[in-house]
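Written out below as structure tokens is the structure these notes cover.
The values are calculated or read from the model by the stated rules, or taken from the named source; none is laboratory data. Note that this is a predicted model, so its numbers are computed, not measured. Because the Cβ atoms are built from the backbone with ideal geometry, glycine has one as well, and the counts that use them run over all protein chains shown. Accessible surface is based on the protein model in full, side chains and every heavy atom, while ligands, DNA and RNA are left aside. Shrake-Rupley method; radii C 1.70, N 1.55, O 1.52, S 1.80 Å.
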Amino acid sequence: MKKKIVILTGAGISAESGLKTFRDMGGLWENFAIEDVASPEGWRRNPELVLDFYNQRRKQAFAALPNAGHLALAKLEEFFEVKIITQNVDGLHEKAGSSFVIHLHGELSKVRSVHNEALVKDIGSAFIELGDLAEDGAQLRPHIVWFGEQVPMIEVAAEICQEADIFMVIGTSLQVYPAAGLLSYVPSGVPVYVIDPSTPSYSFNSTDVRFVQKTAVEGVPVVVEELINTHKK
Ligand code: APR
């Protein structure tokens, strides 16, 4: 029986792939107001601004390549049952070869009907404009969870956290709920690895927490090698 590794990732794991984080220096929220581009109110006020914001990010994400951090996580699958819970919408975990990825906040490559969240389609790096309609004749919108909207996958993610034999947190400030609340589902006896160049402020039930104060490219491959060498069964 393979040990279960559960990995919670945020924008930091994609920083070295050239994609901006949100709250670091020069981050996305330095140049855009969340309420204007990532909220239902912003969508109602100025849908063109929202569509342009995500069109640009979709194009950048489509061109981005997974880095050594993403690739090391994909390698873990040879030895462990790996489940990734990501806040990222850039698709880089899949590009790296990870086969189980839960998208808490949606996916940039996908769009959906404003009236039916089941009518989702993948448009790759294409743009959508006002007047581009879904099959039901309603306007297409980014398949992204905006602030104030429900996070459909949060219950599934919480259950997965409860099953972890080993837990990793990579590149997230964990300032956004409900994602940040997932830490409380990680059992207390589980070893936790946190990989982030800053010193995150969040805490865990577990007393076995190892802070690796490095970037994803520097830190993830090292932790992955250690896990493979000491835990594989
Ligand atoms: N390697 C690893 N971690 C990094 C790197 C790097 N090269 N560069 C920055 N970081 C860390 C930062 O120290 C910080 O802890 O990544 C984290 C980035 O935090 P945020 O910018 O807040 O991104 P994130 O936590 O993913 O934001 C969560 O907020 O705006 C919403 O929906 C959006 O999914 C996003 C959510």
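For region 90-128, the residues whose backbone nitrogen is under 18 Å from a point 7 Å from the Cα of Ala63, taken along Cα to Cβ, are 90-92, 108-109, 124-128.
For region 66-162, applying the loop criterion from DSSP together with a ceiling of 15 other beta carbons within 10 Å to the GluC sites (Glu not before Pro) yields Glu117, Glu129, Glu135, Glu149. Region 151-187 and region 27-83 have Cα centres separated by 18 Å. In this view, the solvent-accessible surface of Thr199, computed with a 1.4 Å probe and all protein chains in place, comes to about 100 Å².
Sparse packing (at most 15 other Cβ atoms within 10 Å of the Cβ) combined with a DSSP loop state is found for the following chymotrypsin sites (Phe, Trp or Tyr not before Pro) in region 66-148: Phe100, Phe127, Phe147. Between helix 47-63 and the chain there is an angle of about 40 degrees, using the helix long axis and the longest principal axis of the Cα atoms. Taken about its Cα centre, the chain carries a charge dipole of roughly 420 debye when the Cβ of each Lys and Arg holds +1 and the Cβ of each Asp and Glu holds -1. Lysine pair count for the chain (Cα-Cα distance under 19 Å; residues 8 or more apart in sequence or on different chains): 28.
Shape of region 95-159 from its Cα gyration tensor (a ≥ b ≥ c, root eigenvalues): rounded if a/c is under 1.5, otherwise prolate when a/b > b/c, or oblate? It is oblate, given that a/c is not under 1.5 and a/b is not larger than b/c. Convex hull volume of the Cα atoms of the chain, normalised per residue: 117 Å³. Per residue, the accessible area of the chain comes to 47 Å², computed with a 1.4 Å probe over protein heavy atoms only.
Classified by the C-alpha gyration tensor, region 114-219 has a prolate form. Its axis ratio a/c, with a ≥ b ≥ c, is 1.5 or above, and a/b is larger than b/c. Near Gly106, the amide H atoms lying under 5 Å from its own belong to Val145; only residues 5 or more places off or on other chains count, and H is placed 1.01 Å from N. Shape class for region 60-141: prolate, because the ratio a/c of the largest to smallest gyration tensor axis (alpha-carbon atoms, square roots of eigenvalues) is 1.5 or more and a/b beats b/c. Protein heavy-atom surface of the chain, 1.4 angstrom probe: 53% of the accessible area is carbon and sulfur, with nucleic acids and ligands not counted. Toward the positive end of the charge dipole of region 44-184, with +1 on the Cβ of Lys and Arg and -1 on the Cβ of Asp and Glu, the farthest Cα among Asn46, Pro142, Leu71 is that of Asn46.
Ordering Leu28, Met153, Tyr202 by Cα displacement along the dipole of the chain toward the positive end leaves Tyr202 in first place; charges were set at the Cβ atoms of Lys, Arg (+1) and Asp, Glu (-1).
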